[in-house]
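The values are calculated or read from the model by the stated rules, or taken from the named source; none is laboratory data. Only a predicted model underlies this, so the values are computations on that prediction, with no experimental measurement involved. Cβ atoms come from the backbone with ideal geometry, glycine included; neighbour counts cover every protein chain shown.
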Amino acid sequence: MEEKKRVLILEDDFPSAVYLKTILVKNNYEILDIVDTGERAIQICKIMKPDIILVDIMLAGRLTGSEAAVHINHYSPESKVIFLTAYAEEDMIDYAVMSHAFAYLMKPYRAKEILATMRLALSNHMSPKKSVLIPLANGFMFNTQEHRLYKDSNEIPLSGKKLKLIEFLVQNKNSSVSNEQISNVLWGETKNASTLRSLIHRVREVLGSDIIENINGVGYRLYSE
């Protein structure tokens, strides 16, 4: 008998969660749990390593579903994340990329679409590519395959625009890039200098270190070791 695939449902709307559970149980999936906070989902994934996690992006807890998915991917990279959301904002899609989500499905729930996507996710057994670590200043490392920043082997969680900024600077390490170049990569258009300075300030606060150098009249630069 084929082993049932295990599913974790991260959804803070109980009727919606029950509807998902009903669909999946009828189709021979095992429901590990229904949880309504990202924190609880992370705890479960550390131990139980679900085959699939259905993640509602908007949650009641401190973490959004998309933020939780980034952490989940760190602890359980083999678990396939499928986002279920009513929102298609750019930052949400950025998080989907960061968490290596398999799919991003829009609400309202459609049983056939969910089941088809889950079957595709479970049949996807692509071999992981070799990771490439880029050493940066002050003990930071950037993994170009995972698109993640580390310091002393600890991951530094970054949201969409912050991660895009670091990744672009890593791609041009030891070389200065202009405000215009950065703006076009991050926003698809030129932004005023204060918008970019504000973003870089927030990045520096998250990192607790100033690895991004301001080149007066030119732009910014990030040094590798």
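Among the residues of the stretch 131-162, those that are more than 17 Å from residue 67 (Cβ to Cβ) and either among the hydrophobic types (A, V, I, L, M, F, W, C) or in a strand (DSSP E or B) (or both) comprise 132, 133, 134, 135, 136, 137, 140, 141, 142, 143, 150, 151. Exactly one residue out of 215, 211 is among the hydrophobic types (A, V, I, L, M, F, W, C), closer than 22 Å to residue 152 by Cβ and in the same structural domain as residue 138 (by TED's automatic domain parsing): that is 211. For the stretch 28-41, the criterion of a residue being polar (S, T, N, Q), touching a residue at least 60 places away in the same chain (Cβ under 8 Å) and more than 19 Å from residue 155 (Cα to Cα) is satisfied by no position.
Take the stretch 173-202 and flag every residue that is more than 28 Å from residue 72 (Cβ to Cβ), in contact (Cβ under 8 Å) with a residue 40 or more places away in the chain and surrounded by fewer than 18 Cβ atoms within 10 Å (Cβ to Cβ). Within the stretch 173-202, 173, 174, 175, 176, 178, 179 meet the criteria.
Take the conditions (1) part of a helix (DSSP H, G or I); (2) surrounded by fewer than 18 Cβ atoms within 10 Å (Cβ to Cβ); (3) out of contact with any Lys or Arg (no Cβ under 8 Å at 6 or more places or on another chain); residue 165 misses just one of them, which is (2).
Listed by position, the helices (runs of 4 or more DSSP H) contained in the stretch 47-126 that have at least 3 residues being assigned by TED's automatic domain parsing to the domain that holds residue 13, surrounded by fewer than 19 Cβ atoms within 10 Å (Cβ to Cβ) and modelled with pLDDT of 85 or more are 111-123.
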